[in-house]
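The values are calculated or read from the model by the stated rules, or taken from the named source; none is laboratory data. Just so it is clear, the model here is predicted, and its values are computed rather than measured. Neighbour counts run over all protein chains shown; Cβ positions are idealised from the backbone, glycine included.
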Amino acid sequence: MTVLKRFLLGAVLSVVSSLTLAAANPLSVHVLNLQDGLPSAKVNVTLEKQQGPDWIMLNRAATNEQGRIPELYPHGKALEQGVYRVTFKTGEWFKAHQIASFFPEVPVIFAVDGAVAHYHIPLLLSPYGFSTYRGN
(Lines give C-alpha, C1' and ligand atoms only; values in the text may rest on other atoms or scores of the structure.)
Protein backbone atom coordinates (compact mmCIF):
# COMPACT_ATOMS: atom_id res chain seq x y z
CA MET A 1 0.00 0.00 0.00
CA THR A 2 1.42 3.37 -0.98
CA VAL A 3 1.96 6.16 1.51
CA LEU A 4 -0.82 8.18 -0.13
CA LYS A 5 -3.31 5.30 0.11
CA ARG A 6 -2.43 4.76 3.79
CA PHE A 7 -2.87 8.48 4.46
CA LEU A 8 -6.24 8.58 2.70
CA LEU A 9 -7.43 5.44 4.49
CA GLY A 10 -6.38 6.93 7.83
CA ALA A 11 -8.21 10.18 7.03
CA VAL A 12 -11.38 8.34 6.04
CA LEU A 13 -11.28 6.20 9.19
CA SER A 14 -10.77 9.32 11.32
CA VAL A 15 -13.81 11.02 9.77
CA VAL A 16 -15.95 7.89 10.13
CA SER A 17 -14.83 7.53 13.76
CA SER A 18 -15.71 11.19 14.49
CA LEU A 19 -19.12 10.81 12.84
CA THR A 20 -19.81 7.63 14.81
CA LEU A 21 -18.93 9.38 18.08
CA ALA A 22 -21.05 12.39 17.16
CA ALA A 23 -24.00 10.16 16.28
CA ALA A 24 -23.81 8.44 19.67
CA ASN A 25 -23.70 11.72 21.63
CA PRO A 26 -26.53 14.24 21.33
CA LEU A 27 -24.33 17.38 21.30
CA SER A 28 -21.22 18.40 19.39
CA VAL A 29 -19.45 21.70 18.69
CA HIS A 30 -16.96 22.94 16.09
CA VAL A 31 -14.82 26.10 16.11
CA LEU A 32 -13.30 27.58 12.95
CA ASN A 33 -11.06 30.65 12.98
CA LEU A 34 -12.14 32.92 10.14
CA GLN A 35 -8.90 34.90 10.37
CA ASP A 36 -6.87 32.04 8.90
CA GLY A 37 -9.61 29.64 7.81
CA LEU A 38 -8.36 26.85 10.08
CA PRO A 39 -9.95 24.82 12.88
CA SER A 40 -9.34 26.20 16.37
CA ALA A 41 -7.79 23.49 18.54
CA LYS A 42 -7.69 23.72 22.33
CA VAL A 43 -10.63 26.10 22.77
CA ASN A 44 -12.11 25.46 26.22
CA VAL A 45 -15.87 24.98 26.16
CA THR A 46 -18.44 24.55 28.94
CA LEU A 47 -21.96 23.14 28.81
CA GLU A 48 -24.65 24.19 31.28
CA LYS A 49 -28.38 23.59 31.62
CA GLN A 50 -30.77 26.22 32.91
CA GLN A 51 -32.71 25.28 36.03
CA GLY A 52 -34.95 28.13 37.06
CA PRO A 53 -32.74 31.23 37.37
CA ASP A 54 -29.58 29.13 37.79
CA TRP A 55 -27.20 27.42 35.39
CA ILE A 56 -26.04 23.89 36.28
CA MET A 57 -22.63 22.79 34.94
CA LEU A 58 -22.91 19.57 32.93
CA ASN A 59 -19.54 19.24 31.22
CA ARG A 60 -16.40 20.96 30.04
CA ALA A 61 -13.94 19.99 27.33
CA ALA A 62 -11.46 21.42 24.81
CA THR A 63 -11.67 21.25 21.04
CA ASN A 64 -9.47 18.68 19.30
CA GLU A 65 -7.05 19.31 16.40
CA GLN A 66 -10.03 19.51 14.04
CA GLY A 67 -11.59 22.22 16.22
CA ARG A 68 -14.30 19.80 17.34
CA ILE A 69 -15.75 18.33 20.48
CA PRO A 70 -17.75 15.39 19.13
CA GLU A 71 -19.18 14.45 22.56
CA LEU A 72 -19.97 17.49 24.70
CA TYR A 73 -23.07 16.12 26.41
CA PRO A 74 -22.30 13.94 29.47
CA HIS A 75 -21.63 10.36 28.38
CA GLY A 76 -24.42 7.88 29.05
CA LYS A 77 -26.98 10.56 29.93
CA ALA A 78 -30.18 11.05 27.93
CA LEU A 79 -30.64 14.50 26.41
CA GLU A 80 -33.46 16.32 28.21
CA GLN A 81 -35.62 19.08 26.84
CA GLY A 82 -34.73 22.51 28.17
CA VAL A 83 -32.50 25.53 27.72
CA TYR A 84 -28.74 25.01 27.48
CA ARG A 85 -25.70 27.27 27.30
CA VAL A 86 -22.47 26.39 25.53
CA THR A 87 -19.73 28.89 26.38
CA PHE A 88 -16.64 29.10 24.20
CA LYS A 89 -13.67 30.58 26.11
CA THR A 90 -12.43 32.57 23.12
CA GLY A 91 -10.41 35.16 25.05
CA GLU A 92 -8.19 32.44 26.53
CA TRP A 93 -7.63 30.96 23.07
CA PHE A 94 -6.74 34.28 21.42
CA LYS A 95 -4.44 35.20 24.31
CA ALA A 96 -2.61 31.86 23.98
CA HIS A 97 -2.07 32.72 20.29
CA GLN A 98 -0.97 36.29 21.11
CA ILE A 99 -3.90 37.84 19.26
CA ALA A 100 -5.93 40.74 20.65
CA SER A 101 -9.67 40.11 20.70
CA PHE A 102 -12.87 41.82 21.78
CA PHE A 103 -14.91 38.92 23.15
CA PRO A 104 -13.51 37.11 26.22
CA GLU A 105 -16.09 34.38 25.70
CA VAL A 106 -18.97 33.51 23.42
CA PRO A 107 -22.06 32.11 25.16
CA VAL A 108 -24.56 30.35 22.91
CA ILE A 109 -27.93 29.75 24.53
CA PHE A 110 -30.27 27.34 22.77
CA ALA A 111 -33.45 25.35 23.38
CA VAL A 112 -33.63 21.58 23.07
CA ASP A 113 -37.15 20.55 22.14
CA GLY A 114 -36.44 16.91 21.34
CA ALA A 115 -37.30 17.35 17.64
CA VAL A 116 -33.91 15.96 16.60
CA ALA A 117 -31.59 13.38 18.15
CA HIS A 118 -28.39 15.39 17.67
CA TYR A 119 -27.59 19.08 18.08
CA HIS A 120 -24.46 20.66 16.60
CA ILE A 121 -23.24 24.15 17.50
CA PRO A 122 -20.62 25.52 15.07
CA LEU A 123 -18.80 28.74 15.91
CA LEU A 124 -17.16 30.85 13.22
CA LEU A 125 -14.68 33.04 15.06
CA SER A 126 -12.53 36.11 14.44
CA PRO A 127 -10.88 38.49 16.93
CA TYR A 128 -13.70 41.03 16.64
CA GLY A 129 -16.72 39.03 15.64
CA PHE A 130 -18.38 35.64 15.58
CA SER A 131 -21.26 33.77 14.02
CA THR A 132 -23.08 30.62 15.02
CA TYR A 133 -26.03 28.62 13.79
CA ARG A 134 -27.81 25.32 14.35
CA GLY A 135 -25.76 22.78 12.48
CA ASN A 136 -26.35 19.10 11.91
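Of everything in the stretch 98-134 that's of a type in the set (S, T, N, Q) and surrounded by fewer than 14 Cβ atoms within 10 Å (Cβ to Cβ), which residue is nearest to the chain's Cα centre (by Cα)? Steps first, answer last, please.
Let us first name the residues in the stretch 98-134 that are of a type in the set (S, T, N, Q), namely 98, 101, 126, 131-132.
Restricting the remaining residues to those that are surrounded by fewer than 14 Cβ atoms within 10 Å (Cβ to Cβ) gives 98, 131.
Working: Gln98: 22, Ser131: 13 Å.
So, considering only residues that are of a type in the set (S, T, N, Q) and surrounded by fewer than 14 Cβ atoms within 10 Å (Cβ to Cβ), the one nearest to the chain's Cα centre (by Cα) is Ser131.
With the structure loaded, tell me whether Pro26 is modelled with pLDDT of 95 or more, at negative phi and either surrounded by 17 or more Cβ atoms within 10 Å (Cβ to Cβ) or in contact with a Gly (Cβ under 9 Å, 6 or more places away or on another chain) (or both) or whether it fails that test. It is true that Pro26 is modelled with pLDDT of 95 or more, at negative phi and either surrounded by 17 or more Cβ atoms within 10 Å (Cβ to Cβ) or in contact with a Gly (Cβ under 9 Å, 6 or more places away or on another chain) (or both). Residue count for the stretch 72-112 under the criterion of being touching a Ser or Thr at 6+ places or on another chain (Cβ under 9 Å), in contact (Cβ under 8 Å) with a residue 24 or more places away in the chain, of a type outside the set (Ser, Thr, Tyr) and under 12 Å from Thr46 (Cα atoms): the result is 7. Residues in the stretch 43-90 that are under 19 Å from Val116 (Cα atoms), modelled with pLDDT of 95 or more and small (Gly, Ala, Ser): Gly82 alone.
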